[in-house]
Amino acid sequence: MNRVRMGMAAGLVAIGLVGVAMGNGIARAGTGGTRVLGVFGAWQAYTYHEGRGTVCYAAAAADHTRGGLRGRKPTYLAVTDRPGAVHEVSLIGSYRFKGGSHAELVVGDARNAFFTRGNSAWSVKRDANRAIVQSLINGAKAVIHAAPRQGPPVVDQVSLTGFTKALEAIDRACRVK
């Protein structure tokens with residue numbers, strides 16, 4: 001896994017995204033200098049500084065969940081802008097993914113494979129992020145299929161209401177053209 005992707009996972013964990021996601025909502029983040037850019041429908045947008053650069057990300061929790069261990073929290077879908085990576089799509093589980101497994105993100109007719117590591121997943125094809133983001137802009141819902149380390153397979157659905165506005169907010173904050 002490359003350093004940018006590992007940095008993404010570390011950054012999200014460092015600001016407590018997964019921990020906040022398990023609480024009363026992601027919008028309560030604010031530790032470690034994280035600034036809330038706004039809430040846009042089902043999506044929230046944030047920014048924070050890492051090293052010499054700014055990281056901006058938009059994320060939404062699954063609003064419909066199925067499978068996994070009883071009482072588990074939802075999977076998150078996130079898009080991140082950071083120096084060296086624009087519109088990187090990732091999945092963040094409240095559970096660890098089964099070792100060596102792949103997750104799948106389905107938006108409309110588009111199916112995208114993601115490799116997993118710990119509780120995070122990224123597109124197998126790095127150059128697919130642009131097409132995935134376009135499908136998120138045009139879609140109404142995203143469906144995540146994943147294999148947790150424990151329990152039955154997970155099928156989570158994320159609303160795309162507000163995604164475009166959240167993406168615009170992170171692009172403005174990180175000066176993405």
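Conditions tested, residue by residue: (1) within 23 Å of C56 (Cα to Cα); (2) in contact with a strand residue (DSSP E or B) (Cβ under 7 Å, 6 or more places away or on another chain); (3) not in a helix (DSSP H, G or I).
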residue: P74; (1), (2), (3): yes, yes, yes
residue: D81; (1), (2), (3): yes, yes, yes
residue: V86; (1), (2), (3): yes, no, yes
residue: R111; (1), (2), (3): no, yes, yes
residue: A128; (1), (2), (3): yes, yes, no
residue: V133; (1), (2), (3): yes, yes, no
residue: H145; (1), (2), (3): no, yes, yes
residue: L167; (1), (2), (3): yes, yes, no
residue: R172; (1), (2), (3): yes, no, no
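Quick one: is A45 touching a residue at least 12 places away in the same chain (Cβ under 8 Å) and surrounded by 24 or more Cβ atoms within 10 Å (Cβ to Cβ)? Reasoning before the result, please.
On the way: touching a residue at least 12 places away in the same chain (Cβ under 8 Å): yes; surrounded by 24 or more Cβ atoms within 10 Å (Cβ to Cβ): yes.
The answer is yes for A45.
Return yes when Q157 is among the polar types (S, T, N, Q), out of contact with any strand residue (DSSP E or B) (no Cβ under 9 Å at 6 or more places or on another chain) and either closer than 17 Å to R72 by Cβ or open to solvent by 20 Å² or more (accessible area, probe 1.4 Å) (or both) and no when it is not.
no
Yes or no: G23 modelled with pLDDT under 50 and of a type outside the set (K, R)?
Yes; evaluated as a whole, the condition is true for this residue.
Going through the range 92-113 one residue at a time, which ones are buried (at least 23 other Cβ atoms within 10 Å of the Cβ), within 22 Å of Q44 (Cα to Cα) and small (G, A, S)?
Residue satisfying the conditions is G93 alone.
For the range 63-91, which positions are within 16 Å of L136 (Cβ to Cβ) and open to solvent by 10 Å² or more (accessible area, probe 1.4 Å)?
Those that are within 16 Å of L136 (Cβ to Cβ) and open to solvent by 10 Å² or more (accessible area, probe 1.4 Å): D63, Y76, V86, H87.
Take the conditions closer than 19 Å to I170 by Cβ and either in contact (Cβ under 8 Å) with a residue 12 or more places away in the chain or buried (at least 16 other Cβ atoms within 10 Å of the Cβ) (or both) and apply them to A58. Does it pass? Give the steps one after another, and end with the answer.
Values: closer than 19 Å to I170 by Cβ: yes; either in contact (Cβ under 8 Å) with a residue 12 or more places away in the chain or buried (at least 16 other Cβ atoms within 10 Å of the Cβ) (or both): yes.
Considered against the rule, which asks whether it is closer than 19 Å to I170 by Cβ and either in contact (Cβ under 8 Å) with a residue 12 or more places away in the chain or buried (at least 16 other Cβ atoms within 10 Å of the Cβ) (or both), A58 comes out as yes.
Does the range 72-80 contain any residue that is in contact with a Lys or Arg (Cβ under 7 Å, 6 or more places away or on another chain) and within 24 Å of V124 (Cβ to Cβ)? Break it down stepwise before answering.
At the first step, the residues of the range 72-80 found to be in contact with a Lys or Arg (Cβ under 7 Å, 6 or more places away or on another chain) are none.
Scanning the range 72-80 turns up no residue that is in contact with a Lys or Arg (Cβ under 7 Å, 6 or more places away or on another chain) and within 24 Å of V124 (Cβ to Cβ).
Report yes if some residue within the range 119-142 is open to solvent by less than 50 Å² (accessible area, probe 1.4 Å), farther than 20 Å from V39 by Cβ, among the basic types (K, R) and in contact (Cβ under 8 Å) with a residue 40 or more places away in the chain; otherwise report no.
No, the range 119-142 contains no residue that is open to solvent by less than 50 Å² (accessible area, probe 1.4 Å), farther than 20 Å from V39 by Cβ, among the basic types (K, R) and in contact (Cβ under 8 Å) with a residue 40 or more places away in the chain.
The values are calculated or read from the model by the stated rules, or taken from the named source; none is laboratory data. Predicted, not measured: the structure shown is a model, and the values here were computed from it. Heads up, the Cβs are rebuilt from the backbone with ideal geometry, glycines too, and the neighbour counts pull from every protein chain shown. These accessible areas exclude ligands, DNA and RNA; they are computed on the full protein's heavy atoms, side chains included. Shrake-Rupley method; radii C 1.70, N 1.55, O 1.52, S 1.80 Å.
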